[in-house]
Amino acid sequence: TGHDWGYGVEDGPSLWHQNYPIAKGSRQSPIDILPQTASHDPSLGPIALKYDQCTSINIANNGHSVVVEFEDSDDRSVIQGGPLDNPYRLKQFHFHWGGKGCRGSEHTVEGHSYASELHLVHWNAVKYETFGEAATAPDGLAVLGIFLEGSVTDFKSFNPKCLLPSSLHYWTYLGSLTTPPLHESVTWIVLKEPIAVSEKQMSKFRMLLFTGEEEDQRMRMENNFRPPQPLKGRKVRSSN
Ligand SMILES: Cc1cc(C)cc(S(N)(=O)=O)c1
Ligand SMILES: [Zn+2]
């Protein structure tokens, strides 16, 4: 029942290639970002986020993370600009985090991990009919990655608009979903500036539970992050 993969010793990231051979593909995510080697591309314009009319539908523990789904039947909540050729529609957002301390993000910056990473997932509704179809297309998805670092502040609500840092400077590269099925369909846009969350908020993530094979095997949901994957010649570009 449920998924044939996880983050444990028996089913973790190093074993995913057994059921998902693309795990050893040429554009896998996450990666370790090296700011010095990221080529500054003046043709990369700013990203534009239109989340004002966003309508969240539900929040759920999908056994691997906490996910907030959005109504995506029209273009009311979209990301555009930057490396994207057209608007991509907000579908959901979710988080990855560690068990304690500052490990937990999926992308790293010169080997530095953050406590958590927020992924705002968008799909190319101009070229594709459904999210499922877009999720298997090389230009089908755009995921906005935002680092969360522990600090003693509070953040008010999960409206994605107020989850954004002050600067929208970013790195961008072509990659994949970071959990199975690991489709190589994602244009990653990772913001340089993290947002601050309090240890209290982080502890709330850690109270979420993975759904075990047997319902009574409720394991603590933590360390639901995949380690950095080989760059395999890819270029990471930096906004101005
Ligand atoms: C399997 C999967 C689905 C979705 C919508 C998003 C991801 S991720 N972590 O790459 O943003 C993974
Ligand atoms: Zn994710």
(request) State the answer as a single residue: which of CYS162, ALA60, GLN92 lies farthest towards the positive end of the charge dipole of the chain, with beta carbon charges of +1 for Lys and Arg and -1 for Asp and Glu, about the Cα centre. (result) CYS162
(request) In nm, give the distance between the simple-model label positions of ASP4 and ASN86, each being 7 Å from the Cα along the Cα-to-Cβ direction. (result) 3.4 nm
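For the chain, give the magnitude of the charge dipole about the Cα centre (Cβ charges: +1 Lys/Arg, -1 Asp/Glu; no others), in debye to the nearest 20.
Working: 22 positive and 28 negative charges, 135 e Å.
Using only the charged Cβ atoms, the result is roughly 640 debye.
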(request) Add +1 for every Lys or Arg and -1 for every Asp or Glu among the other residues with Cβ under 13 Å from the Cβ of SER14, and state the total. (result) 0
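Pop the C-beta distance of LYS235 and HIS169 into the FRET formula with R0 = 22 Å and round what comes out to the nearest 0.05.
Working: r = 17 Å, r/R0 = 0.79.
After rounding, the FRET efficiency stands at 0.80.
Per DSSP H run of at least 4 residues, take -39500 (n - 2.57); add these up for the chain, divide by its residues and hand me the 222 nm value, nearest 500 deg cm²/dmol.
Here the helix-only value at 222 nm equals -1000 deg cm²/dmol.
What FRET efficiency do you get for SER73 and CYS162 if R0 is 25 Å and r is their Cβ-Cβ distance, rounded to the nearest 0.05? Please report the intermediate quantities before stating the final value.
On the way: r = 24 Å, r/R0 = 0.95.
With R0 = 25 Å, the Cβ-Cβ based efficiency is 0.55.
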(request) Write down the Kirkwood hydrodynamic radius of the chain, to one decimal in angstroms, obtained as one divided by the mean of 1/r over all alpha carbon pairs. (result) 18.1 Å
(request) Rounded to the nearest 0.05, what FRET efficiency do LYS127 and LYS200 give with R0 = 30 Å and r taken as the Cβ-Cβ distance? Could you check? (result) 0.10
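Between GLN53 and THR37, 0.36 nm times their residue separation minus their Cα-Cα distance comes to what? Please list the in-between numbers first.
Details: separation 16, 0.36 × 16 = 5.76 nm, distance 3.75 nm.
Net length gain for the segment: 2.0 nm.
Is the C-alpha gyration tensor of segment 1-97 telling us rounded, prolate or oblate? Criteria: a/c under 1.5 is rounded; beyond that, a/b larger than b/c is prolate, otherwise oblate.
Numbers: a/c = 2.48, a/b = 1.20, b/c = 2.06.
Taking the square roots of the gyration eigenvalues as a ≥ b ≥ c, segment 1-97 is oblate.
Here, each number is a calculation from the coordinates, and none is a lab measurement. For clarity, every value in this text was computed on a predicted model and none was experimentally measured. Here the Cβ is made from the backbone with ideal geometry for all residues, glycine too, and neighbour counts use every protein chain on show.
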